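Following: one structure in structure tokens, then a few remarks.
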Amino acid sequence: MKKILGVDLGITSFGYAILQETGKDLYRCLDNSVVMRNNPYDEKSGESSQSIRSTQKSMRRLIEKRKKRIRCVAQTMERYGILDYSETMKINDPKNNPIKNRWQLRAVDAWKRPLSPQELFAIFAHMAKHRGYKSIATEDLIYELELELGLNDPEKESEKKADERRQVYNALRHLEELRKKYGGETIAQTIHRAVEAGDLRSYRNHDDYEKMIRREDIEEEIEKVLLRQAELGALGLPEEQVSELIDELKACITDQEMPTIDESLFGKCTFYKDELAAPAYSYLYDLYRLYKKLADLNIDGYEVTQEDREKVIEWVEKKIAQGKNLKKITHKDLRKILGLAPEQKIFGVEDERIVKGKKEPRTFVPFFFLADIAKFKELFASIQKHPDALQIFRELAEILQRSKTPQEALDRLRALMAGKGIDTDDRELLELFKNKRSGTRELSHRYILEALPLFLEGYDEKEVQRILGFDDREDYSRYPKSLRHLHLREGNLFEKEENPINNHAVKSLASWALGLIADLSWRYGPFDEIILETTRDALPEKIRKEIDKAMREREKALDKIIGKYKKEFPSIDKRLARKIQLWERQKGLDLYSGKVINLSQLLDGSADIEHIVPQSLGGLSTDYNTIVTLKSVNAAKGNRLPGDWLAGNPDYRERIGMLSEKGLIDWKKRKNLLAQSLDEIYTENTHSKGIRATSYLEALVAQVLKRYYPFPDPELRKNGIGVRMIPGKVTSKTRSLLGIKSKSRETNFHHAEDALILSTLTRGWQNRLHRMLRDNYGKSEAELKELWKKYMPHIEGLTLADYIDEAFRRFMSKGEESLFYRDMFDTIRSISYWVDKKPLSASSHKETVYSSRHEVPTLRKNILEAFDSLNVIKDRHKLTTEEFMKRYDKEIRQKLWLHRIGNTNDESYRAVEERATQIAQILTRYQLMDAQNDKEIDEKFQQALKELITSPIEVTGKLLRKMRFVYDKLNAMQIDRGLVETDKNMLGIHISKGPNEKLIFRRMDVNNAHELQKERSGILCYLNEMLFIFNKKGLIHYGCLRSYLEKGQGSKYIALFNPRFPANPKAQPSKFTSDSKIKQVGIGSATGIIKAHLDLDGHVRSYEVFGTLPEGSIEWFKEESGYGRVEDDPHH
């Protein structure tokens, strides 16, 4: 019989269930559990851990490149006999370097006297470290090229918003102006003279981009300094060698490779496998979208002809011939072009849709390249007139796709246009490059050009592929089948055959999931069917944030209703608020009967929330499928669709139309209310093109499985249907259909529970269920419930609902504080956590380094940014003077180092206090003037606050920019340059034996991991590993390692969590959490530990004992964890 693996795959979880089919809808459970892991995204920044590692790696590379340049200078000087390499390294030591003022050497001494070899090296090492500005960022290269070609007006540019790029170029221009004013052989002389004259604050650059040196200025200085020192006799080299030395030092210090494009990263065409996919930003791709949509065009009561399609294309050509941007064709545009009557609906929908209560025109087809043509209209028009226009547009798009720098693109485009006899303007050519978008669409230009005429004839996409001789069904039998290929680590087969996967977080998650599937396959043998579901947390960060935002807005709306009706109905809760919300949207009408619903009927239950598409027919409890209706009316409707039940009632359709016109119901709800058959209801779009998956993560896992998984059935190896992707909402729908109520949402067991439901959703069961729904349409809920019993899956003789209830009862049978639970096989297990032995980032290269010179960590911060972070302008209408001063006291005053040490008479401190007082006075003045209700006064209010918050603070004629702030709650560790935050650097702890049988705990992070991993005298415990910590009296604490902290006077604290519950402190049992944090427990008296090693299914595979344990501790651990029973477990 079939063996089925169900996987509930999330960002932090891998819930799985393995069932063996023993009959129709009958199963035996072989295993059911969950494996957890840390979130691959950083909680604060939202970036993936791998992205953060990559950023830190880039920073390390930059620092290493700087060191390499200095070493290159040292080696060059040794090669020319100027200074031994060992001597240069002494000078390069920042602690023992005797040469301090290198600007003085560069600007003055180098021109007046021969420099010593040590001084020469010092100034060239200084240049290698600070070698001037030369950006290779695309935006900067465009900006520089525009300046070079005279396409920018410097005066107008300086008036524009001062973004970082313009600040840089303004700083470059400022230095050029200073050079004209002060002269000088080199840029160092200009800077030196400007600093002495007070036109520059110091040699160092500040946050406000006071000055910026060009890389070319450094090259010039290298040459001039060496030539002058040769004249003064400092080098002792012949003229020819001096020239060679200049070239080599320039190569060491200023050389930089321009970026290039790796074409191996481009996608391949789905059909012409050897051809690159066309870029999305392409005229041909816009045509492909248009032609394909026209081929699919469907209009109620109207047969679309080739002539109609040609009319639309002609309309588009006329529009773009005018040189105006064309962003899209709307349904209204299409209606005008074809002269359609109002009742002839395009794709069966209205020409407008309601978005947030407002009408918006519905888009027929969007454009990308055509949306920008006004920026290069002369060029576009010239190409359009050319007899070989489509081929030119193809080559143009490919040039943009394959050019990394604007100069490269400009040269290629000039050559292309010259070869075709087309006059061009550099401004328009650069606009093409500036506006191009990245991304490809899996189809080559060759395929597009072949498909266009076929779409015009009315063939749909499938027919076009058939005519061109392609079949989009992939034959997976050509791939090797082995569990060894189920990974995405270095050297994986999938990336060798496809393009590299650039989404590091998804790649890491997919590889982890594939490894677990392979492990389960080794244990239980190959599966006959693998069913995958991805939950919402596997969606892209942006989409998850949008969903979360919508949920928060929904909660706010309900809270607002509760506040509105609280006096009238003191017992109002969110369910009643939801009823009232629907009632208000319906204008108090029962949509089915047209009768008025009173508020009292909502209270007494005679009117209630109803599912438009009944739950028995698969309807969901979503906004678009719920209304409020009278119970008597709902009973008459029964188990039918309202559009079918009220098909002959014109008043009903009119009511729905009225609410739709006013934006009170959206198009999804309207579709359900008017649907007369299940084919017409709104259904979630669960399939995407390409590899048809609900998310990138699921798609990636599914595609690797389809290619390489060794299914026992040869047919499944070929067609890939042994892998099935279930849309996220199907599990919740099945819960509703089968009456399964989850009690486990606050625990990690719910992932295993969802996997159990998934594993019963076989293709056969779903087909039978679908047929039953259609065959019994219109029957009552009671009748359907009786029918369900025939289709209810049973596991080990229990209904699926009863099996889940029993499994959760056992999961909680040992209480919340235990790390273990008794499973359905009568064995004891826990929840396994994946242990990551890689640090998130390298602390020695973190951007923020705190000073360790004071009794607490401190950091110099921009004082104006500190004022800005108080959000005074945003909160100006509700922020009283007293509340502002409290906010200022908490966020600035109490954190200032000068306040900490009591030096409140310091001029800088007094100036900051004065600025806070001025802001408070402005708040008082304008609030008395009622600025909130007077637009003109409010504008003055904003401006006054803005000037105070952004204008520099002066102290004795100098600008106060930064103040030292205190960070006494920072978890920090010492590195060479100061202190760094340790939270993200912790890998685990190292434990060794100390005097009096006490244990010595040491934090393990990136700085000491290599050293501690070599030590044989102790034991290493990584994050998420399970620990039991004892002293002589007994058990101190237990759980999975979350963090370790050393406080004052040698106090040691450890934070452990219970893996059976989400690691979020709010979800942990009280024993493991306090004050919204994982509880920190003192372990100074610890004498011994037990470290448990778990299998992926949560059984204790082995354990380690270190130190001295109280008598009976090991026996207690074995009894608690079930260790020793695993060997006899047939499921292990």
Failed condition for LYS434, given (1) of a type outside the set (Phe, Trp, Tyr); (2) in contact with a strand residue (DSSP E or B) (Cβ under 9 Å, 6 or more places away or on another chain); (3) farther than 21 Å from ILE313 by Cα: (2)
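Within segment 297-312, how many residues turn out to be assigned to a helix (DSSP H, G or I) and surrounded by 17 or more Cβ atoms within 10 Å (Cβ to Cβ)? Outline the logic, then answer.
As a first pass, look at segment 297-312 and keep what is assigned to a helix (DSSP H, G or I): 306-312.
Now drop any that are not surrounded by 17 or more Cβ atoms within 10 Å (Cβ to Cβ), which leaves 308-309, 312.
Selection size over segment 297-312: 3.
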Any residue in segment 467-489 that is of a type in the set (Phe, Trp, Tyr) sitting within a Cβ distance under 8 Å of a residue that is outside any helix (DSSP H, G or I) and at pLDDT below 90? List the pairs, counting only those 6 or more apart or interchain. PHE470/PHE271; TYR476/GLY720
Answer with yes or no whether ASP868 is surrounded by 14 or more Cβ atoms within 10 Å (Cβ to Cβ), among the charged types (D, E, K, R) and at pLDDT below 85. no
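May I ask you to say which residue of ALA1086, ALA1067, ALA1063 is in the same structural domain as GLY988 (by TED's automatic domain parsing) and surrounded by fewer than 20 Cβ atoms within 10 Å (Cβ to Cβ)?
ALA1067
Check whether at least one residue in segment 954-974 is among the acidic types (Asp, Glu) and modelled with pLDDT under 90, and report yes or no.
yes
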Can you pull out the residues in segment 95-143 that are part of a loop (DSSP other than H, G, I, E, B) and more than 44 Å from the chain's Cα centre (by Cα)? ASN96, ASN97, PRO98, ILE99, LYS100, ASN101, ARG113, PRO114, LEU115, SER116
Counting only helices (runs of 4 or more DSSP H) wholly inside segment 711-821, the ones holding at least 3 residues that are at pLDDT 90 or above, touching a Ser or Thr at 6+ places or on another chain (Cβ under 9 Å) and surrounded by 17 or more Cβ atoms within 10 Å (Cβ to Cβ) are 749-759, 800-811
Whether any residue in segment 389-410 is closer than 16 Å to PHE271 by Cβ, assigned to a helix (DSSP H, G or I) and in contact with a Leu (Cβ under 8 Å, 6 or more places away or on another chain) is what I want to check. no
Test result for GLU275, in contact with a helix residue (DSSP H, G or I) (Cβ under 7 Å, 6 or more places away or on another chain) and acidic (Asp, Glu): yes
List pairs: first in segment 787-800 and in contact (Cβ under 8 Å) with a residue 40 or more places away in the chain, second part of a loop (DSSP other than H, G, I, E, B) and β-branched (Val, Ile, Thr), Cβ under 7 Å, 6+ apart or cross-chain? PRO793/THR760; LEU800/ILE740; LEU800/THR760
Going by what's in this entry, would ILE597 be described as buried (at least 18 other Cβ atoms within 10 Å of the Cβ), closer than 25 Å to ALA557 by Cα, among the hydrophobic types (A, V, I, L, M, F, W, C) and in contact with a Phe, Trp or Tyr (Cβ under 7 Å, 6 or more places away or on another chain)? yes
Does segment 605-627 hold any residues that are among the hydrophobic types (A, V, I, L, M, F, W, C), at pLDDT 75 or above and not in a loop (DSSP other than H, G, I, E, B), and which are they? ALA607, ILE609, ILE627
For ASP308, work out the one condition from (1) in the same structural domain as GLU442 (by TED's automatic domain parsing); (2) under 25 Å from ALA137 (Cα atoms) it doesn't fulfil. (2)
For segment 908-941, give me the residue count where each residue is surrounded by 12 or more Cβ atoms within 10 Å (Cβ to Cβ) and over 19 Å from TYR888 (Cβ atoms). 7
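Here's a check for you: in segment 637-664, which residue that is of a type in the set (Lys, Arg) and without any contact (Cβ under 8 Å) to a residue 40 or more places away in the chain is farthest from LYS587 (Cα to Cα)?
Going through the qualifying residues, I end up with ARG653.
Taking GLU442 as the residue in question, decide whether it is assigned to a loop (DSSP other than H, G, I, E, B), modelled with pLDDT under 90 and surrounded by 12 or more Cβ atoms within 10 Å (Cβ to Cβ).
Considered against the rule, which asks whether it is assigned to a loop (DSSP other than H, G, I, E, B), modelled with pLDDT under 90 and surrounded by 12 or more Cβ atoms within 10 Å (Cβ to Cβ), GLU442 comes out as yes.
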TRP667 fails exactly one of (1) over 18 Å from VAL633 (Cβ atoms); (2) modelled with pLDDT under 80; (3) out of contact with any Asp or Glu (no Cβ under 8 Å at 6 or more places or on another chain), namely (3)
Return the pairs, sorted by first residue and then second, in which the second residue is of a type in the set (Ser, Thr, Tyr) and assigned to a loop (DSSP other than H, G, I, E, B), the first residue lies in segment 985-1012 and is closer than 20 Å to GLY1050 by Cβ and free of Cβ contacts under 8 Å to residues at least 60 places away in the same chain, the beta carbons are less than 8 Å apart, and the residues are 6+ apart or on different chains. SER992/SER1017; ARG1003/THR982
Of (1) assigned to a helix (DSSP H, G or I); (2) over 13 Å from ARG964 (Cα atoms); (3) out of contact with any helix residue (DSSP H, G or I) (no Cβ under 6 Å at 6 or more places or on another chain), ASN871 satisfies all except one. Which? (1)
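Residues checked against (1) among the hydrophobic types (A, V, I, L, M, F, W, C); (2) touching a residue at least 40 places away in the same chain (Cβ under 8 Å); (3) out of contact with any Gly (no Cβ under 8 Å at 6 or more places or on another chain):
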site	(1), (2), (3)
ARG353	no, yes, yes
LEU379	yes, yes, yes
GLN384	no, yes, yes
ALA389	yes, no, yes
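The values are calculated or read from the model by the stated rules, or taken from the named source; none is laboratory data. In this text, all values refer to a predicted model and were calculated from it rather than measured experimentally. Here the Cβ is made from the backbone with ideal geometry for all residues, glycine too, and neighbour counts use every protein chain on show.
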